[in-house]
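**Q** A single structure is presented below for examination.
The values are calculated or read from the model by the stated rules, or taken from the named source; none is laboratory data. Treat the numbers as computed from the prediction; the structure is a model and nothing was measured. Cβ placement follows ideal geometry from the backbone for every residue including glycine, while neighbour counts extend to all protein chains displayed.
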Amino acid sequence: MSAIKPMPPVAIEKPKAKVWNGARAIAETVKVADVDVIAAYPIRPYTGIMNALASMIADGEFTADIIVADSEHSQFEVVKHASAVGARVFAGSSGVGLAFAAEPIIVTALSQLPVVAAIGTRALDDPGNFGMEWSDALMFRDFGWLISWAKTVQEAADMTLVAYRVAEDRRVLLPHFIALDGAAITHVATPVVPVTKQQATEFLPPYRPPYRIDPQDGPVTKAQHIAPSLIGPEERKTIDVAQKRSKQVIAEAWKDFAKYTGREYTPFLETIGMEDAEFALIGMGAYMKDLELVASRLRSKGHKVGTVRLRYVRPFPAEELINALGGVKAAGVIEFGYSFGSPFGTGSLYHEVATSLYEADAKPTLLDFLFLGGREPTVEHFTQLAEKVIESAHKKPQKKTYWLTLRGEDI
Amino acid sequence: MSSQVAFKNIKEIPPVDYYTSGRRTCAGCGPALGYRIISKAAGPNTIFIGPTGCMYVANAHQFLTSPYAVPWHHTQLGGGGAAAIGVASALRTLMLKGKRKLEDINVVVMGGDGAMADIGFSGLSMGLSYDYQRLLYIIYDNEAYMNTGVQASSTTPWGATTTFTPAGKVKPIGNTRLKKNMALVAAAHPKVKYVATATLWPPLDLMNKVHRALNAGGPTLIHVLLPCPKGWFTNPSETVDLSRLAVETGMWVLWESIEGQFKLNYRPKPRKHVREYLAPQGRFSHLKDEDMEKIDKMIEEEWKFWEESAKLGRLVVPY
């Protein structure tokens with residue numbers, strides 16, 4: 001259970017930026033991360049990652065086995081068991097594909113296998129919908145997976161490498177999802193500074209599972225059926241402790257990542273303009289870029305608006321969030337996931353934020369702004385909602401939740 | 001290649017067991033006996049994958065003991081096909097990349113009929129389409145979901161009563177679907193090197209088939225009929241006898257397909273009437289004489305195709 005302490009480089013490698021979409025950028029990181037086994041099954045919008053990896057393997061850019069699975073269920077079974085044998089693995093999916101794979105996905109965490117998988121977030125059926133929603137990724141909030149959320153293609157590429165380091169750390173040993181907002185990250189090309197092979201090799205130690213399924217390691221029996229009275233609660237507590245420990249490991253990993261690549265990230269929250277903010281816009285993912293633009297425009301008009309972006313939903317950075325929102329009069333949660341029939345008809349992220357703020361000394365007015373069903377939001381929507389937040393500080397809002405892209409009455 | 005006989009007589013069976021004590025299977029459990037024989041034949045350099053089923057639940061124990069003296073990993077009920085591909089892929093890739101010593105390691109999936117013929121059918125088919133060596137899918141077929149309390153699967157024979165297909169006043173037959181022939185399905189996969197059927201009789205047949213499969217140089221499947229006293233309502237002491245009767249009545253056909261070459265392993269001469277196999281089993285006790293005649297007739301018809309296949313040296317689909 002010793003901490004990983006790699007030696008930082010003397011001089012940081014600065015490769016030239018490439019123009020890559022999110023799918024390609026993640027594939028490039030998977031390539032340099034020395035991944036051994038990849039399992040693919042197509043579903044939009046994540047598929048491009050596998051297309052890119054398949055091309056790289058076909059062209060001999062790196063050595064890995066890519067399994068073309070018969071379903072998402074098989075896909076996640078393949079990587080789970082390859083990981084148990086000692087291979088570094090990669091998988092991914094979107095929307096209903098994740099729902100189909102729910103069983104092996106859940107088991108992977110409870111078996112403590114450090115699978116890394118990408119989610120190109122997508123609205124769930126029915127009807128079939130290529131739009132972006134968070135409901136697919138947030139389905140897996142409760143089972144032990146670490147879940148990080150990227151704002152940019154660059155961050156998605158970097159998060160992929162850090163994910164392996166955190167997931168495989170002996171203090172954690174949990175699988176890791178990297179959530180990418182469908183289309184907004186997966187399909188949008190931007191300049192990206194690649195993680196180099198040398199950086200990846202130095203930053204990421206080889207994967208060594210503690211109890212391999214391999215005759216070399218003796219007769220290990222894993223995931224045997226048990227009587228619940230034997231180790232039921234203790235096994236669950238083990239996952240719980242691993243989640244709690246992961247916070248320190250994540251913080252260490254991002255600090256080290258900066259030493260190797262020169263790219264600095266605060267581990268859990270990205271806050272902009274929050275030092276003196278009276279109003280906060282809280283969210284995740286690619287649309288935070290637009291919310292940051294809206295906040296800066298409002299600032300130039302004299303409104304003290306800041307943004308708080310969550311980089312991880314699991315582990316959820318509750319203390320950091322309470323600290324960031326200290327002194328704020330009103331805040332809005334901007335989100336693309338929902339829970340039908342939930343308290344006050346609020347979204348999935350709202351529940352997490354509200355639960356955290358319940359422990360805060362001063363509670364700001366908290367509003368919920370929902371973008372559901374995949375209809376594309378605009379800067380105008382974000383401006384409207386920010387104005388609602390500002391207004392709520394001196395005028396009691398009529399309601400808590402707003403469906404912003406909805407046509408017709410928001411009842 | 002693969003018609004070799006590794007175990008010529010009972011004295012040559014290795015004394016070491018890799019499936020041992022520390023489990024709570026029923027008295028007279030056919031699958032447990034099968035597991036013991038299969039693991040003996042596979043030897044120490046083997047990884048077992050256990051999809052959910054009797055050989056998962058009943059092989060666990062209240063005292064956290066394990067019956068496996070080789071690595072064993074549970075996989076989900078429908079995950080057997082894919083899990084084995086994950087293991088085989090990891091081993092091959094790690095060896096290829098120099099991360100693990102080069103070595104022959106067997107990957108054996110012990111999947112029940114539900115795990116392989118029903119919920120894991122698609123994954124099994126995927127697994128059989130790859131070219132990993134020393135990859136063996138065993139279907140331990142006790143002809144129903146036994147550990148959940150005897151529910152019909154797609155390999156439950158016509159006329160068997162199960163809790164989902166009970167024989168009643170309006171539906172007197174019980175299960176009216178015909179048993180799915182998984183060995184035929186497996187043989188339809190072009191990469192498959194070896195397909196066989198087996199049961200607990202004749203002695204050594206199953207062991208030699210496991211040996212041939214693991215040395216066949218590609219993915220392989222053995223469909224093994226294994227009697228279940230609990231679900232068949234039979235006397236635990238009759239398990240092996242029932243295996244023998246299944247073969248001697250022609251109800252269970254022993255054959256192999258070695259790289260597409262068909263070989264009929266046993267011809268019952270004379271074939272016993274299927275009544276001898278059905279009568280000792282409580283699950284068939286509701287059947288009338290005419291129903292048993294019907295089953296016997298079906299066997300008679302089907303055997304024409306097995307004889308035809310034997311003559312041609314390649315499979316002829318009997319349905």
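**Q** Scan the stretch A:362-411 for residues that are acidic (Asp, Glu) and either at pLDDT below 95 or over 23 Å from A:Leu325 (Cα atoms) (or both) and report the count.
**A** The total comes to 4.
**Q** Here is a list of conditions, (1) within 13 Å of the chain's Cα centre (by Cα); (2) closer than 30 Å to A:Glu61 by Cα; (3) aromatic (Phe, Trp, Tyr), and A:Tyr207 meets all of them except one; can you say which number that is?
**A** Tallying (1) within 13 Å of the chain's Cα centre (by Cα); (2) closer than 30 Å to A:Glu61 by Cα; (3) aromatic (Phe, Trp, Tyr), A:Tyr207 fails exactly one: (1).
**Q** Another question, if that's okay. Condition (residue is at pLDDT 95 or above, part of a loop (DSSP other than H, G, I, E, B) and either of a type in the set (Gly, Ala, Ser) or under 28 Å from B:Cys29 (Cα atoms) (or both)) applied to the stretch B:298-312: is it met by at least one residue?
**A** No, the stretch B:298-312 has no match at all.
**Q** From the list A:Gln243, A:Gln248, A:Gln216, A:Gln224, which one is within 14 Å of chain B (Cβ to nearest Cβ) and either assigned to a helix (DSSP H, G or I) or modelled with pLDDT of 95 or more (or both)?
**A** Criteria check complete, one pass: A:Gln216.
**Q** Does A:Glu61 meet the test of being of a type in the set (D, E, K, R), farther than 26 Å from A:Lys151 by Cβ and touching a helix residue (DSSP H, G or I) at 6+ places or on another chain (Cβ under 8 Å)?
**A** yes
**Q** Same structure, new question: Looking only at the stretch B:1-56, count how many residues are within 15 Å of the chain's Cα centre (by Cα) and charged (D, E, K, R).
**A** 1
**Q** Given the structure, is A:Ala11 of a type in the set (A, V, I, L, M) and assigned to a loop (DSSP other than H, G, I, E, B)?
**A** Against the criterion (of a type in the set (A, V, I, L, M) and assigned to a loop (DSSP other than H, G, I, E, B)), A:Ala11 qualifies.
**Q** Give the number of residues within the stretch B:63-82 that are of a type in the set (Val, Ile, Thr), out of contact with any helix residue (DSSP H, G or I) (no Cβ under 6 Å at 6 or more places or on another chain) and facing another protein chain (nearest Cβ under 7 Å). Give the derivation first.
**A** Filtering the stretch B:63-82 for residues of a type in the set (Val, Ile, Thr) gives B:65, B:70, B:75.
Next, only the ones that are out of contact with any helix residue (DSSP H, G or I) (no Cβ under 6 Å at 6 or more places or on another chain) stay: B:65, B:70.
If we keep only those that are facing another protein chain (nearest Cβ under 7 Å) too, we end up with B:70.
Here the count works out to 1.
**Q** Might you check whether a residue that is more than 15 Å from the chain's Cα centre (by Cα) and within 30 Å of A:Ala11 (Cα to Cα) occurs anywhere in the stretch A:271-289?
**A** yes
**Q** Could you count how many residues in the stretch A:209-239 are touching a residue at least 12 places away in the same chain (Cβ under 8 Å) and more than 24 Å from B:Leu77 (Cα to Cα)?
**A** Qualifying residue count for the region: 3.
**Q** Considering only helices (runs of 4 or more DSSP H) fully contained in the stretch A:29-134, which possess at least 3 residues that are surrounded by fewer than 20 Cβ atoms within 10 Å (Cβ to Cβ) and either modelled with pLDDT under 95 or more than 9 Å from chain B (Cβ to nearest Cβ) (or both)?
**A** Fully inside the stretch A:29-134 and qualifying: A:47-58, A:95-100, A:102-110.
**Q** Would you be able to say whether some residue in the stretch B:220-237 is surrounded by fewer than 18 Cβ atoms within 10 Å (Cβ to Cβ) and among the polar types (S, T, N, Q)?
**A** Going residue by residue through the stretch B:220-237, those that are surrounded by fewer than 18 Cβ atoms within 10 Å (Cβ to Cβ) are B:233, B:235-237.
From what is left, the residues that are among the polar types (S, T, N, Q) are B:235, B:237.
Within the stretch B:220-237, one or more residues are surrounded by fewer than 18 Cβ atoms within 10 Å (Cβ to Cβ) and among the polar types (S, T, N, Q).
**Q** Quick test of your reading of the structure: B:Ala27 fulfils all but one of (1) farther than 26 Å from B:Pro202 by Cβ; (2) more than 10 Å from every other protein chain (Cβ to nearest Cβ); (3) surrounded by fewer than 19 Cβ atoms within 10 Å (Cβ to Cβ). Name the failing condition by number.
**A** If we test B:Ala27 against (1) farther than 26 Å from B:Pro202 by Cβ; (2) more than 10 Å from every other protein chain (Cβ to nearest Cβ); (3) surrounded by fewer than 19 Cβ atoms within 10 Å (Cβ to Cβ), just (1) comes out false.
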